[in-house]
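What follows is one structure encoded as structure tokens, with my remarks underneath.
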């Protein structure tokens, strides 16, 4: 039951991307980041064991693609050609990586095919709203912005998918167990 609640949240909350792209994108990012912890918290409150199970990695990637596709729908409406085309390329790159991961279940592929699309999408939304001069106007500017965004993203992908360190375990031990008395 807790997993179904979180899956429902991951399907419904990203729909806000279509109305409020920046807020919806940030909300989708947060719910994705805390989904495992949220399942634990709900399970603890209901007195049930957490239940994501062994298929979580695959399910998570498809739920990610769902909300990334909603972001792509928004990016398709951007008037600036360079950011729009860059978004297409970055989305396709991640999609290829997820498909290869699904076929092979080889996690380091997700380091080679990072989810840079999401960071780029949020960057463009922030730049368009508050820093218009930082919206890439040329391919060179877009490549530079992507490279800068890639540095922290690759670190995150490495930690999660290659080193397989799980920050939600720390969150679980630090916040959830004390909250539910575990």
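Every read-out reported here was derived from the displayed coordinates using simple, explicitly stated rules and does not represent laboratory data. The structure displayed is predicted, hence computed values, not measured ones. Cβ: placed from backbone, ideal geometry, glycine included. Neighbour counts: every protein chain shown.
Report, in degrees rounded to the nearest 10, the 0 to 90 angle that the Cα long axis of helix 81-104 makes with the longest principal axis of the chain.
The angle comes out near 40 degrees.
In whole angstrom, and with the biggest value first, how far do the Cα coordinates of the range 21-95 range along each principal axis?
Computed over the Cα atoms, the extents are 51, 25, 13 Å.
Rank by packing, highest mean first: peptides 35-46, 67-78, 102-113, with packing defined as the count of other Cβ atoms within 10 Å averaged across residues.
My ranking of the peptides, most packed first, is 35-46, 67-78, 102-113.
Give the angle, between 0 and 90 degrees and rounded to the nearest 10, that separates the Cα long axis of helix 2-12 from the longest principal axis of the Cα atoms of the chain.
Relative to the chain, helix 2-12 is tipped by roughly 20 degrees.
Stick to the Cα atoms of the chain, pair each with every other, and give me the Kirkwood hydrodynamic radius in Å at one decimal.
Its Kirkwood hydrodynamic radius stands at 17.4 Å.
Measure nothing fancy, just the Cα-based angle from helix 139-157's long axis to the longest principal axis of the chain, in degrees from 0 to 90, nearest 10.
Tilt relative to the chain: about 10 degrees.
For every helix of n ≥ 4 consecutive DSSP H residues, a contribution of -39,500 (n - 2.57) applies; sum these over the chain, divide by its total residues, and give [θ] at 222 nm rounded to the nearest 500 deg cm²/dmol. Let's see the in-between values first.
On the way: 9 runs with 128 residues, N = 182.
After summing the helix terms and dividing by the residues of the chain, the value is -23000 deg cm²/dmol.
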